[in-house]
Amino acid sequence: MFYIRAIFKNVMEYVSLFMVIAFFSGICAKGPEWLTAFDYSSILGKFGTIAGSSDNFTGHGDISVRSAFLFALSIIPGIILSLGVLSVAGYLGALNAAGRIFSFILKPLLGLPGCSAFAIISSLQSSDSGAVMTKDLYDQKIINRKQRCIFSAFEFSSGGSIGVYLTAMPIISAHLNIPILMPLGIILVIKIVGANLIRAYLSFKNEENDTEVKGPDEVLENRNIKQSKENISNIADAFISGAKRAINISLNIMMPNVIMAFVLTAVLMKIGAMDFLGRVGSPLMQIFGLNGQTMVVLVSAWFSGLGGVAMGATMCATGEITQTQLAIITPAVFLMGAQLQYMGRILGVIGLEFRHYRLMFSISIINAIISILVMKALYSL
């Protein structure tokens with residue numbers, strides 16, 4: 001009887017692991033209506049629009065503290081859902097199964113434990129959910145300080161890569177003369193390259209860890225003790241426990257950081273810093289055989305990812321840049337996009353030390369340069 005229970009427990013861990021991966025990966029989004037019940041984006045849904053308008057309660061066209069507050073409110077439901085599901089995954093043992101399976105992949109690939117796979121998958125769809133999950137991993141001592149920095153580099157450059165890219169595709173797809181998934185593939189590969197550059201840098205600097213991470217058995221034991229103290233005896237209790245943590249993180253960490261990032265962006269835009277950077281940086285683009293207008297697109301993207309995409313599509317439509325030039329800079333637009341916002345929404349939420357912020361900004365720009373060189377090489381073939 002003991003062996004039957006053990007086998008059943010292991011089977012449930014792997015089944016729950018598969019279900020959580022499917023939930024965050026988006027593979028259930030396309031299909032019969034019943035299948036979308038197991039998809040993160042479908043369950044999260046969208047805010048309805050105001051009657052007679054295409055906007056919801058957040059509005060559009062403004063960068064200010066008021067708009068930052070409303071934007072932060074719109075993020076909270078996704079964070080609650082993410083940590084609620086992750087807490088259920090931990091209760092069912094999915095994190096244990098992930099630790100066994102993904103350690104063989106993530107350890108050599110990024111130097112991260114296998115149970116961090118959920119945060120990586122989630123971060124590709126939602127930068128905010130990924131950041132909250134990363135903080136949770138660090139708080140539970142599943143990852144250490146050095147691993148948190150590597151994780152931050154992966155998430156910060158092109159945050160929410162798949163979700164943001166697919167959202168932006170309708171804006172730019174008509175102006176691209178390449179397969180629309182090619183830039184996404186390059187973005188994902190270069191994110192891994194950039195994270196490993198940070199990994200190598202930290203190793204070279206002999207960056208010390210704050211503490212040793214816990215092994216799978218110790219993590220499981222501590223999780224069971226914590227669940228016992230919190231009276232978690234079923235799936236509903238597990239979800240509510242995760243949701244409570246999400247609300248605490250959202251109100252005390254995420255919202256102040258988002259408002260700070262919006263304030264900084266608004267100040268820089270009002271004093272004309274974007275136009276100045278565009279003019280100063282234009283000669284640099286000639287090194288890559290691109291005209292000065294492409295620098296304006298990249299600077300726009302640095303302030304706002306989707307703003308940069310829209311700028312690129314507009315300039316291509318008016319003939320200021322060619323389709324080939326737009327294709328070459330498209331991965332770069334995403335890899336260095338929305339850095340000021342992500343400083344608050346990702347780095348601030350994760351809790352990364354401020355001294356490492358310069359590494360995050362630098363690696364995003366390096367990733368963008370690498371992507372331009374790769375795209376130029378592909379076009380020369």
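Values for this structure:
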{"item": "In nm, spacing of pseudo-spin labels at T322 and Y14 (7 Å Cα→C-beta vector)", "result": "5.3"}
{"item": "Dipole in debye (nearest 20) - the stretch 15-116, about Cα centre, beta carbon charges: Lys, Arg +1; Asp, Glu -1", "result": "300"}
{"item": "Given charges at Cβ of Lys, Arg, Asp, Glu: the stretch 18-160 dipole, positive-most of L109, I50, A131", "result": "L109"}
{"item": "The stretch 18-147 shape via C-alpha gyration tensor axes, a/c threshold 1.5", "result": "oblate"}
{"item": "Estimated FRET transfer efficiency (N177, R66; beta-carbon r; R0 51 Å; 0.05)", "result": "0.80"}
{"item": "Nearest-0.05 FRET efficiency for N56 and I235, computed from C-beta distance (R0 25 Å)", "result": "0.20"}
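Just so you know, all these numbers are worked out from the coordinates, no wet-lab data involved. None of these values were measured; they are calculated from a predicted model. Neighbour counts run over all protein chains shown; Cβ positions are idealised from the backbone, glycine included.
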